Amino acid sequence: MLGISACLGGIACRYDGDSNEIAALKKLVETGQAIMICPEVLGGLPTPRPPAEIQGGDGFDVWQGRAKVFDKMGNDLTDAFKQGAISAYNELKKLQITGLVLKEKSPSCGSSLIYDGSFSGTRIKGVGVATAYFIQQGLPVYSEENWQEMRMT
């Protein structure tokens, strides 16, 4: 079974209250081949919410205490992002998820690109907080840009 970012499945849970629906991924959910998950919502964040970015590194750095997640208003959301990742993983584990398709550039779900923390639109190489946690737990992570390369098991 596959896990996908809820926004990619059509759920309006993005920070701006919108979704990033991809019809092929939504169809996987509708046919019972995938489940949707949103680590930010599971971490207790509302929809909509101010945009958030990792400052000081990427998701791996957050877990090692070298970086934090702040919203555009300056609020430290690090604990919410970490708790959301843990909660999401626990749900995924119960459902025996074998791989994930997550939203690229997200501070939670980015798998190769995230924003640099300056809220300027500048992207850097790195992963989101939830992605880092999932990788550390041994789950393969893909994005909506490369998920077709994934081996379905």
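Read-outs throughout are calculated quantities, based only on the coordinates presented, and are distinct from any laboratory measurement. None of the values given here were measured: they were computed from a predicted structure. Neighbour counts run over all protein chains shown; Cβ positions are idealised from the backbone, glycine included.
Its DSSP H runs of at least 4 residues, each contributing -39,500 (n - 2.57), put the calculated 222 nm mean residue ellipticity of the chain at -7500 deg cm²/dmol, to the nearest 500.
Taking R0 as 22 Å, what FRET efficiency do you get between residue 12 and residue 72 from their Cβ-Cβ distance, rounded to the nearest 0.05? My answer for the efficiency is 0.65. Applying 0.36 nm per residue to the separation of residue 47 and residue 112 and subtracting their alpha-carbon distance, the gain on full extension is 21.0 nm. Taking label points 7 Å from Cα along the Cα-to-Cβ direction, residue 33 and residue 136 give a separation of 3.2 nm. Over region 57-135, all Cα pairs binned in 5 Å intervals from 0 give whole-percent P(r) values of 3, 17, 26, 27, 16, 7, 3, 1, listed from short to long.
The calculated FRET efficiency for the pair residue 125 and residue 150, based on their C-beta separation and a Förster distance of 25 Å, comes to about 0.80.
For the chain, the relative contact order works out to 24 percent when only alpha carbon pairs closer than 8 Å and six or more residues apart are counted. Taking 21, 53, 40 as the candidate residues, the one with maximal mean-square fluctuation in a Gaussian network model of the chain, Cα springs under 10 Å, is 21.
When the alpha carbon coordinates of region 1-48 are projected onto the principal axes, the ranges are 28, 18, 9 Å, largest first. Relative to the current alpha-carbon distance between residue 23 and residue 96, full extension at 0.36 nm per residue lengthens the span by 23.9 nm. Per-residue 3J(HN,Hα) values for region 73-80, derived from phi via the Karplus relation 6.51 cos²θ - 1.76 cosθ + 1.60 with θ = phi - 60°, read 7, x, 6, 7, 10, 3, 5, 5 Hz in sequence order (x marks Gly and Pro). Under the simplified labelling scheme, the residue 83-residue 1 pair shows an inter-label distance of 2.5 nm, with each label point 7 Å from Cα along Cα→Cβ.
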